[in-house]
Amino acid sequence: MKFGGAAMANSDCFSKLATLIKTRLKKTSQIVVVVSAMGTTTDELMDLANIIHPNPPKREQDMLISVGERVSMALLAMALDLRGIDAISFTGSQSGIITTNEHSEARILEVRPERIKRALAEKKVVIVAGFQGVSIEKEITTLGRGGSDTSAVALAIALGSQKVEFYKDVPGIGENNPKTHPETEIFSDLTYEKTLTIVGEGAEILHHQCLELAKEHGIILEIRPFYEPERVGTTIYTS
């Protein structure tokens, strides 16, 4: 499960997400959740950085903006605990997401999910901070805009999962952006190739690296509206 920032726009949202996860636990015994930063947190942190420094050092920028996802993961773990669900949150580095050395635009090299596997074996819901990892030089890195989507797919591959559910603020993927063209027809099914074309034309539904990675490993992607979580808007898979 991957929750974007819009699904966690404010503190009330965490209660709804925890209820959704509790419901999902009736159907499956193992759940890994990847979270983005709340709402516009990343933009707000970048604005703050730019007040301090017009061109902040990339390393320090990564240290700053990676905080957003950590806030989300901890709050969701708390919301689950309140409902009697054993949950644990992990940062990207704690999750074993190893990246290249480039700050702000790092690429995932491999995932070593040993701690996640142990937590799942202990029947815990695992919540992972998306968008971030640790470089081969032990530095905190971020994956660029939309990088949390890539985190989710990379973890699915490492854990042997066949599918990732993305909970977005749109009902699915259409010919036009559903946010600005609510009347647009939503595709129920798409190939990776068609989705990459749509993303390449400016749609910001999924990160292109996420799609390339899913295509390479045959991971099925489902786009669901977070406000109607049982509805599958668009399913993306190989042709």
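The values are calculated or read from the model by the stated rules, or taken from the named source; none is laboratory data. As the structure is a computational prediction, the values presented were derived from the model and not from experiment. No Cβ is skipped: glycine too gets one built from the backbone with ideal geometry, and neighbour counts run over all protein chains shown.
Do we have any residue at all in segment 71-80 that's within 24 Å of Glu139 (Cα to Cα), touching a helix residue (DSSP H, G or I) at 6+ places or on another chain (Cβ under 6 Å), in contact (Cβ under 8 Å) with a residue 40 or more places away in the chain and not basic (Lys, Arg)?
Yes.
Considering only residues of segment 94-148 that are within 15 Å of the chain's Cα centre (by Cα) and of a type in the set (Gly, Ala, Ser), which is nearest to Pro57 (Cα to Cα)?
Gly144
Inside segment 153-171, can you point out the residues that are of a type in the set (A, V, I, L, M, F, W, C) and farther than 11 Å from Ile108 by Cβ?
Across segment 153-171, the qualifying residues are Ala156, Leu159, Val164, Phe166, Val170.
Need pairs with beta-carbon distance below 6 Å; first residue over 20 Å from Val35 (Cβ atoms) and assigned by TED's automatic domain parsing to the domain that holds Leu17 and within segment 87-106, second among the hydrophobic types (A, V, I, L, M, F, W, C) and buried (at least 24 other Cβ atoms within 10 Å of the Cβ); sequence gap 6+ or separate chains.
Cβ pairs passing all conditions: Thr100/Ala106.
Within segment 121-139, work out how many residues are surrounded by fewer than 21 Cβ atoms within 10 Å (Cβ to Cβ) and either in contact with a strand residue (DSSP E or B) (Cβ under 6 Å, 6 or more places away or on another chain) or in a strand (DSSP E or B) (or both).
Qualifying residue count, segment 121-139: 3.
Please specify each residue of segment 148-174 satisfying the condition of being in contact with a helix residue (DSSP H, G or I) (Cβ under 7 Å, 6 or more places away or on another chain) and acidic (Asp, Glu).
Hits for segment 148-174 are Asp149, Asp169.
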